[in-house]
Amino acid sequence: MSDDQRRISVDLSGQVALVTGASRGIGREIALGLGKCGAAVACVARSQGKLDEVVAEIKAAGGEAGGFVCDVADSEAVQKVFDAVVEAQERVDIVVNNAGITRDGLIPRMTDEDWDQVIATNLRSVFLLTRAATQVMMRQKTGRIINISSVSGLVGNPGQSNYSASKAGIIGFTQTVAREMASRKRKITVNAICPGFIATEMTDALGPALEDEVKKRIPAQRLGQAYEIADAVLYLASDSASYITGQVITLDGGLTA
Ligand code: NAP
């Protein structure tokens, strides 16, 4: 992504961020954006090589970052990574739960495995990391948790009952944890972002014919770009968003309008 595509600049210097699914797509742009705004970024995913590239890119731009190979559905592994980050940095200010997968299929043919894998990767992971993060953030009395849901979690999408359930689950979870964390004595916010169709490897799988069909359904007549989601994350992570909590922000080119 070139510099002129990054439209928001916030000051996150001295802050520590953790981003799941940072190896590519939306998570990669979020990690790069946070790094550019001065946060030290812990980049989490399963692919070491791609994580190394993102970490190198953040460092080349003058930022601080580290890569952590981890399956976000694995409770022990998640806790281990989180503890390692806290031990090294002594705090965690921003957690972005972004890692996600699709295993599409119509409901009569949906396998147990496809259901379980999507729920574990997309929803259980958000619970695991948020639980760990809130423990540290409550001590700090500050923190930002930003969960990446989807328009599929708002209005459903045929073939994605597992994915839609995981993303709708994230919304209810976000609203509840936001209420639990809100207090006059603490500055912890918890919000969700619902992207529409964003150009990444996830949507590459649609193929050109289906992509054209999708574009016809989007009032903006185009797919979103990963940096457009990253910019919303940067805003929610910034001081300017201190009074926003428990909210679901949709970025979809008008798809669900
Ligand atoms: P993507 O390009 O497929 O990237 C997914 C990321 O998640 C990768 O970094 C992947 O890294 C990581 N990941 C997957 N399973 C993981 C696991 N078990 N443990 C750790 N990391 C894992 O997807 P994307 O389009 O950027 O999507 C990012 C998020 O936005 C997802 O939650 C997705 O549901 C949501 N979203 C996307 C769109 C869209 O149109 N693209 C729309 C709405 C919502 P490794 O493979 O290296 O582990």
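Key figures
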read-out: Candidate set: the range 203-212, residues that are free of Cβ contacts under 8 Å to residues at least 60 places away in the same chain and assigned to a loop (DSSP other than H, G, I, E, B); chosen: the one nearest to G159 (Cα to Cα); value: L206
read-out: Test for A40: is it away from the ligand (no atom under 15 Å from the Cβ) and free of Cβ contacts under 8 Å to residues at least 24 places away in the same chain; value: no
read-out: Residue, surrounded by the most Cβ atoms within 10 Å (Cβ to Cβ), within the range 72-90, restricted to residues that are touching a helix residue (DSSP H, G or I) at 6+ places or on another chain (Cβ under 6 Å) and part of a loop (DSSP other than H, G, I, E, B); value: V72
read-out: Extreme residue, farthest from A237 (Cα to Cα), among residues of the range 195-211 that are touching a strand residue (DSSP E or B) at 6+ places or on another chain (Cβ under 9 Å) and within 7 Å of the ligand (Cβ to nearest atom); value: F197
read-out: Tally, over the range 212-229, of residues that are more than 11 Å from the ligand (Cβ to nearest atom), polar (S, T, N, Q) and surrounded by 13 or more Cβ atoms within 10 Å (Cβ to Cβ); value: 0
read-out: Among (1) within 14 Å of the ligand (Cβ to nearest atom); (2) in a helix (DSSP H, G or I); (3) open to solvent by less than 40 Å² (accessible area, probe 1.4 Å); (4) hydrophobic (A, V, I, L, M, F, W, C) - the single one A133 does not satisfy; value: (1)
read-out: Complete set of residues in the range 40-52 that are surrounded by 16 or more Cβ atoms within 10 Å (Cβ to Cβ) and more than 16 Å from the chain's Cα centre (by Cα); value: A40, K50
read-out: Answer residue from the range 101-114, given it is within 16 Å of the ligand (Cβ to nearest atom) and open to solvent by 30 Å² or more (accessible area, probe 1.4 Å) and is nearest to Q135 (Cα to Cα) among those; value: T102
read-out: Pairs where the first residue, in the range 213-230, is touching a residue at least 60 places away in the same chain (Cβ under 8 Å) and the second is more than 10 Å from the ligand (Cβ to nearest atom) and open to solvent by 20 Å² or more (accessible area, probe 1.4 Å), C-beta under 6 Å, 6+ apart; value: Y227/M1; Y227/Q5
read-out: Qualifying residue in the range 75-97 (condition: within 9 Å of the ligand (Cβ to nearest atom) and within 24 Å of Y235 (Cβ to Cβ)); value: yes
read-out: Positions within the range 6-34 being surrounded by fewer than 20 Cβ atoms within 10 Å (Cβ to Cβ) and within 16 Å of the ligand (Cβ to nearest atom), in sequence order; value: R24
read-out: Selection count, the range 175-202, where residues are open to solvent by less than 50 Å² (accessible area, probe 1.4 Å) and assigned to a loop (DSSP other than H, G, I, E, B); value: 4
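The values are calculated or read from the model by the stated rules, or taken from the named source; none is laboratory data. Since the model is a prediction, treat every value here as computed from it, not as a measurement. For neighbour counting, all protein chains shown are included, and Cβ atoms are generated from backbone atoms with ideal geometry for every residue, glycine included. To get the accessible areas, we keep the full protein, side chains included, count just its heavy atoms, and leave off ligands, DNA and RNA. Shrake-Rupley method; radii C 1.70, N 1.55, O 1.52, S 1.80 Å.
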